[in-house]
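Bear in mind these aren't lab numbers, they're just calculated from the coordinates by the rules spelled out. Everything quoted here is computed from the prediction, not taken from an experiment. For neighbour counting, all protein chains shown are included, and Cβ atoms are generated from backbone atoms with ideal geometry for every residue, glycine included.
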Amino acid sequence: MIRTQMIVALFMLGSSAIAVAQTLPNAGFIAPDTPGMETGKLAPNHLSGSDKLFIRQAAIGGQAEVELGKLAQQKGNSEVVRDFGKRMVSDHSKAYDQLMHLHQDANPSIPKAPDPEHKRIRDELDKASGKDFDIAYLASQIQDHQKTANLLLWAISFGQSAELTKYATHTLPTVMAHLEIAKQKHAALRSALPPNER
């Protein structure tokens, strides 16, 4: 059942991955002085510009998931949300560490501070409390995990680095599982609200 849901979700996300690819640099973007350019194959452990951008975007998303997961553990109204936040901290910390270990010399200039979108989400969640916080947090998780799934699908389809493609392939099922859990918990919390508050 879960496998069928993942296949359907991946099919639905597939077209979105193309849209993501259109917003990123050409997957074949290689600087003129890139080692191996003359043969059309990148030198081992060398990243294309788009692979570096993938690392940057994946790292930004991973950092945000950890930060928001910690917030959910502190402010979550329900045990379900606190537990989900704890899982996000654990899973995304591991994924982030794995990503950083792959190409330590790539230096894709990963920012320390949250990007504007995640800062906005954090600010909104800081103002929320109780059930409102739980619902808003899970809604943000649905949106973020859809974006992350699209990014990973892009890396699987267009990435130049075999290591990054392997990382994306390994990470995608976990992200899809997170997405399904967030959807289910979000729907359950909303259905428990009075009809005029849904």
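Some notes on this structure:
- Between Gln73 and Leu193, residue separation times 0.36 nm minus the direct Cα-Cα distance comes to 41.0 nm.
- Note on Lys119: lysines with a C-alpha under 28 Å away, same-chain residues under 8 apart excluded, are Lys52, Lys70, Lys75, Lys86, Lys94, Lys127, Lys131, Lys147, Lys183, Lys185.
- Under the simplified labelling scheme, the Leu102-Lys131 pair shows an inter-label distance of 4.1 nm, with each label point 7 Å from Cα along Cα→Cβ.
- Across the stretch 46-197, Cα pairs under 8 Å and at least six residues apart give a relative contact order of 28 percent.
- Here's the picture: charge each Lys and Arg Cβ at +1 and each Asp and Glu Cβ at -1 in the stretch 46-159, and of Leu152, Leu102, Gln73 the one pushed furthest to the positive end of that dipole is Gln73.
- Shape descriptor for the stretch 77-134: Rg over Rh equals 1.09 (Cα atoms; Rh from the Kirkwood inverse mean 1/r).
- Distant alpha-carbon pairs in the stretch 46-197 (separation over 18 angstrom), percent: 57 percent
- Total charge dipole magnitude, the stretch 46-197, about the Cα centre, Cβ charges on Lys, Arg, Asp, Glu only, Debye to nearest 20: 100 debye
- For Asn77, residues with placed amide H under 5 Å, excluding near neighbours: Asp134
- Net +/- balance of residues flanking Gly76 in space, Cβ distance below 13 Å, scoring K and R +1, D and E -1: +3
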